[in-house]
Amino acid sequence: MKPLAVSHYTLVTALGHGRDATLAALRDGRTGLAPRPFETAQVETWLGVVEQADSIALSAELASFDCRNNRLAELGLRADGFGHAARAAAARWGAHRVGVFLGTSTSGILQTEVAYRERDASSGALPAWLHYGHTHNTYSVSAYVRAALGLRGPAHVVSTACSSSAKVFAAAARMIEAGIVDAAVVGGVDSLCMTTLYGFASLELLSPQICRPWDTERNGLSLGEAAAFALLERQCDVPRAWLLGAGESSDGHHMSSPHPQGAGAAQAMRAALGQAGLQPGDVDYLNLHGTGTPGNDAAEDLAVCAVFGDELPCSSTKGHTGHTLGAAGGVEAAISMLALAHGVIPAGLNVRTPDPALKAKYMRESRQHEMRVVASNSFGFGGSNACLIFGEAA
Amino acid sequence: MTAVRVIGVGLLGPGLPDWATAQALLREPAAWQRQATVIPTPARLPPAERRRASNVVKASIAVADQALSACGLAASALPTVFTSSTGDPLNCHLLCEALATAERMVSPTRFTNSVHNAAAGYWHIAAQSRQPSTSLAAFDASFAAGLLEAAVQVLSTQAPVLLVACDVPYPQPLHALRPLDDVMAVAMVLAPAASAGRSLHIEVTHDDAPITRCADSAFEALRTGLPAARALPLLHALMAGAAGTVVLEGLPGSALAVQVS
């Protein structure tokens with residue numbers, strides 16, 4: 001594919017608001033995870049919570065969108081002036097020439113979970129305050145962002161579990177290439193809810209401790225929440241990075257377990273390299289999906305080594321942010337671009353004993369390192385795989 | 001403008017068991033008797049997945065198989081675009097119900113099936129396909145969003161893509177907030193412009209052009225009754241065999257004008 005300019009990007013995670021706070025945490029090897037309560041959950045685990053998602057207010061005219069997920073989206077739009085940059089793109093290209101393609105897995109379902117506790121005792125009806133379409137429905141975050149930014153172009157939500165907000169980069173690149181839009185707001189937003197907390201616990205994939213990707217004793221993931229946005233434009237005088245390739249594949253193997261040899265994951269990485277016209281040796285750093293479950297890390301390790309060999313520096317940043325599910329692809333795209341721009345390879349946190357069975361070159365300390373090309377993996381339930389490759393701005 | 005060919009169609013809806021029957025009924029709407037959608041159990045699914053598959057999975061696979069048999073392509077060879085407003089509503093309701101109890105006992109299968117891309121996941125397992133797949137949502141504009149995405153993929157890869165749109169109604173109490181009429185699913189295999197088949201020229205409109213409605217009032221009620229049925233004017237144009245332009249309901253400010261020839 002023709003390299004596509006990333007003119008702006010930002011993220012809000014448990015590490016903080018915006019690029020500077022995130023970069024500082026990555027340099028310091030600081031985690032945003034903590035063993036803390038969330039809502040009414042009675043689950044022993046560590047969480048990556050974005051505190052301000054409790055309190056930030058949406059504008060009065062968009063009040064019907066009010067839910068934790070869209071509040072997170074609003075925090076993201078305010079970080080690093082992202083909303084201003086997107087409105088400027090709309091002024092440049094025309095509001096109808098700017099698309100909105102965002103990923104989420106659970107959208108604003110927390111609203112409906114709470115509403116189900118307040119059903120009318122006799123009729124079973126849900127409380128009148130629940131606005132299903134603007135909160136719970138899977139599309140609501142793109143509807144909110146499109147409305148908040150005054151955009152009029154095509155929009156959808158990609159919801160392919162934990163690959164969602166990586167795949168939107170591919171969708172937007174195709175839309176721009178086809179001449180449907182000139183620019184696109186992409187990224188992902190996912191917020192903590194009971195469905196994922198109790199759901200991952202039921203699958204025994206939620207760790208009671210902090211997640212430890214690539215550790216011998218890793219025993220599950222830690223959940224987080226986040227908003228991450230990027231602005232992709234057909235032309236840009238001062239891009240912050242280039243999207244060079246976006247590879248996608250399916251496992252076709254199992255709904256909730258990866259292909260044991262990582263065959264689908266390897267196919268996505270090779271597709272991304274093919275799109276970028278790069279050889280494996282051209283990549284300087286790989287941000288792993290690296291959830292910290294025994295099976296996921298083992299399969300990804302095999303896939304990474306099959307494609308890149310065992311000398312490519314790589315790490316999972318889920319020990320910093322937690323697994324932000326439908327936002328993870330966008331979050332880790334932003335982290336990868338930050339790493340690229342500032343020459344920082346982030347450490348994979350919380351490793352006490354590296355798993356000797358895993359052969360990839362896993363970085364346990366953050367390191368300054370000049371880079372030209374970075375890649376980011378995202379894999380999800382349903383066997384959905386994506387790999388993004390970004391090139392330096394110069 | 002994006003030009004693609006339609007080389008296979010599948011349809012399942014109320015009183016509409018398949019695309020062949022539906023074509024005849026679209027031609028003679030008076031003969032259509034609206035009855036609850038009957039969802040076949042797909043033979044394609046392995047036994048373990050068949051037990052766990054919900055209505056959105058079964059209906060999606062039924063129409064995908066119809067569209068594939070029409071064009072003779074192998075399921076394992078096709079990238080897919082799945083689009084749905086709601087995903088699996090019964091599963092969602094039962095999860096919310098379980099999470100509202102003191103015990104909060106969640107079944108692992110129920111959680112696994114709660115992902116919006118469940119239909120795509122089951123399809124790719126059944127098809128033994130590692131081809132790329134995406135799963136979209138755009139509320140009432142979900143069909144138009146899926147059609148645009150699939151057409152743009154065909155343009156980008158110059159290879160056929162399978163589009164599957166499916167909506168399933170919520171049980172109460174969510175039904176009161178998001179009333180969908182019945183189960184409906186539509187599949188199309190789209191192929192590059194050089195292929196044989198009916199041609200679609202797709203354009204995003206920005207002038208609030210009037211949406212094409214169904215001439216028959218019963219079909220028009222179906223069209224507005226659930227998002228996948230927003231495809232009916234396009235299906236009618238494909239059936240009629242005549243050239244014409246339909247405007248499919250999209251998001252405010254971006255409907256899809258589809259010129260069929």
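Numbers at a glance
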{"item": "Flag for B:GLN153 being assigned to a loop (DSSP other than H, G, I, E, B) and of a type in the set (S, T, N, Q)", "result": "no"}
{"item": "Residue within the stretch A:323-338 that is under 29 Å from A:VAL158 (Cα atoms), touching a residue at least 40 places away in the same chain (Cβ under 8 Å), in contact with a Gly (Cβ under 7 Å, 6 or more places away or on another chain) and open to solvent by 20 Å² or more (accessible area, probe 1.4 Å) present", "result": "no"}
{"item": "Matching entry among A:ALA88, A:ALA79 (being surrounded by fewer than 16 Cβ atoms within 10 Å (Cβ to Cβ), assigned to a helix (DSSP H, G or I) and not basic (Lys, Arg))", "result": "A:ALA88"}
{"item": "Residue in the stretch B:130-163 that is nearest to the chain's Cα centre (by Cα), counting only those that are surrounded by 24 or more Cβ atoms within 10 Å (Cβ to Cβ), facing another protein chain (nearest Cβ under 7 Å) and of a type in the set (S, T, N, Q)", "result": "B:SER135"}
{"item": "Test result for B:ALA43, within 11 Å of chain A (Cβ to nearest Cβ) and small (Gly, Ala, Ser)", "result": "no"}
{"item": "Residue check, B:ALA64 closer than 27 Å to B:LEU226 by Cα and open to solvent by less than 20 Å² (accessible area, probe 1.4 Å)", "result": "yes"}
{"item": "Filter result (more than 8 Å from chain A (Cβ to nearest Cβ), of a type in the set (S, T, N, Q) and part of a loop (DSSP other than H, G, I, E, B)) within the stretch B:85-120", "result": "B:THR101"}
{"item": "Options A:MET255, A:MET269: the member that is modelled with pLDDT under 95, on the phi < 0 side of the Ramachandran plot and open to solvent by less than 20 Å² (accessible area, probe 1.4 Å)", "result": "A:MET255"}
{"item": "Condition met for B:ALA218 (within 14 Å of chain A (Cβ to nearest Cβ), aliphatic (A, V, I, L, M), part of a helix (DSSP H, G or I) and surrounded by fewer than 24 Cβ atoms within 10 Å (Cβ to Cβ))", "result": "no"}
{"item": "Count of residues meeting criterion [modelled with pLDDT of 95 or more, more than 14 Å from every other protein chain (Cβ to nearest Cβ) and either farther than 15 Å from B:PRO14 by Cβ or open to solvent by 10 Å² or more (accessible area, probe 1.4 Å) (or both)] in the stretch B:184-199", "result": "5"}
{"item": "Subset of the stretch B:60-84 that is over 17 Å from the mean Cα position of the chain (by Cα) and part of a helix (DSSP H, G or I) - its residue that is nearest to the other protein chains (Cβ to nearest Cβ)", "result": "B:SER76"}
{"item": "Any chance B:GLN172 is open to solvent by 30 Å² or more (accessible area, probe 1.4 Å) and either part of a loop (DSSP other than H, G, I, E, B) or aliphatic (A, V, I, L, M) (or both)", "result": "yes"}
{"item": "Near pairs, Cβ below 6 angstrom, 6+ apart or cross-chain, from the stretch A:375-394 (more than 12 Å from every other protein chain (Cβ to nearest Cβ)) to any residue that is open to solvent by 10 Å² or more (accessible area, probe 1.4 Å) and among the aromatic types (Phe, Trp, Tyr)", "result": "A:GLY391/A:TRP242"}
{"item": "B:PRO173 vs. criteria closer than 30 Å to A:PRO127 by Cβ, within 14 Å of chain A (Cβ to nearest Cβ) and more than 18 Å from the chain's Cα centre (by Cα)", "result": "yes"}
{"item": "B:ASP181 being open to solvent by 50 Å² or more (accessible area, probe 1.4 Å), at pLDDT below 95 and farther than 18 Å from B:ALA22 by Cβ", "result": "no"}
{"item": "From B:PRO210, B:PRO233, residue being free of Cβ contacts under 8 Å to residues at least 40 places away in the same chain and part of a loop (DSSP other than H, G, I, E, B)", "result": "B:PRO210"}
{"item": "Residue in the stretch A:208-224 that is within 14 Å of chain B (Cβ to nearest Cβ), open to solvent by less than 30 Å² (accessible area, probe 1.4 Å) and within 30 Å of B:ALA77 (Cα to Cα) present", "result": "no"}
{"item": "Number of the exception - B:THR224 against (1) away from chain A (no Cβ under 14 Å); (2) over 25 Å from B:LEU73 (Cβ atoms); (3) in contact with a strand residue (DSSP E or B) (Cβ under 8 Å, 6 or more places away or on another chain); (4) not acidic (Asp, Glu)", "result": "(3)"}
{"item": "Condition met for A:LEU358 (over 23 Å from B:SER133 (Cα atoms) and free of Cβ contacts under 8 Å to residues at least 60 places away in the same chain)", "result": "no"}
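Residue-wise test of (1) more than 23 Å from B:CYS92 (Cβ to Cβ); (2) part of a loop (DSSP other than H, G, I, E, B).
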site	(1), (2)
B:VAL9	yes, no
B:THR37	no, yes
B:LEU45	no, yes
B:GLU49	no, no
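The values are calculated or read from the model by the stated rules, or taken from the named source; none is laboratory data. Keep in mind the model is a prediction, meaning the values are calculated, not measured. Glycine also receives a Cβ, built like all others from the backbone with ideal geometry; neighbour counts cover every protein chain displayed. Just so you know, the surface numbers come from the protein's heavy atoms only, side chains and all, with ligands and any DNA or RNA stripped out. Shrake-Rupley method; radii C 1.70, N 1.55, O 1.52, S 1.80 Å.
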